[in-house]
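Here the structure comes first, spelled out in structure tokens, and everything after it is commentary.
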Amino acid sequence: MNIACRRRGPLTVIDLTGRWTISPSEIEVLDLQATVVRLMAAGSVRMAFNLSGLTSLDARGLGEFVHIHNKLRRAGGQLVLIASNRFVRRMLAVTRLDEVILVPPPTAELRYAPSPARAEPSPG
């Protein structure tokens, strides 16, 4: 899985693309965990994971989202899952994670995380 971060106001958008399937060694979660820890250390506790570029997602990957959601809440923050992809939306609905973690309807997603091509330029 590929991870790219960008800012949108007070929100950090994390674009996840590719396959998000976790092996028994769980090595695949290390990069995402390290990214979240680094962002939190820099003061970012409001994050949106843009899942529209994921081609696969398994139960352990969903579990990692719950872990990160809980970690951010304990720090006074929030996790939003942007899931315009039908496959991902279905996975979140079947597991009822969309009742635990904020998953805005597709019509509201642009408020949280426009596509990188339309993202606001960072001041620089």
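The values are calculated or read from the model by the stated rules, or taken from the named source; none is laboratory data. Here the structure is a predicted model, which means the values were calculated and not measured. So basically every Cβ, Gly included, is an ideal-geometry build from the backbone, and we count neighbours across all protein chains shown.
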### Message
Just the residues that are surrounded by fewer than 19 Cβ atoms within 10 Å (Cβ to Cβ) and assigned to a strand (DSSP E or B), please, taken from the stretch 70-104.
### Response
Q78, L102
### Message
G43 - would you say it is among the small types (G, A, S) and farther than 15 Å from L16 by Cα?
### Response
yes
### Query
Is one or more of the residues making up the stretch 13-24 touching a residue at least 60 places away in the same chain (Cβ under 8 Å), surrounded by 14 or more Cβ atoms within 10 Å (Cβ to Cβ) and among the acidic types (D, E)?
yes
### Task
Would you mention how many residues in the stretch 20-30 are modelled with pLDDT of 90 or more and either in contact with a strand residue (DSSP E or B) (Cβ under 6 Å, 6 or more places away or on another chain) or polar (S, T, N, Q) (or both)?
0
#### Entry: Pick from the stretch 91-124, criterion out of contact with any Leu (no Cβ under 8 Å at 6 or more places or on another chain) and at pLDDT 90 or above, ranking: farthest from L62 (Cα to Cα)
E99
### Query
Taking the stretch 1-57 as the search range and keeping residues that are in a loop (DSSP other than H, G, I, E, B) and among the β-branched types (V, I, T), which one is farthest from the chain's Cα centre (by Cα)?
I27
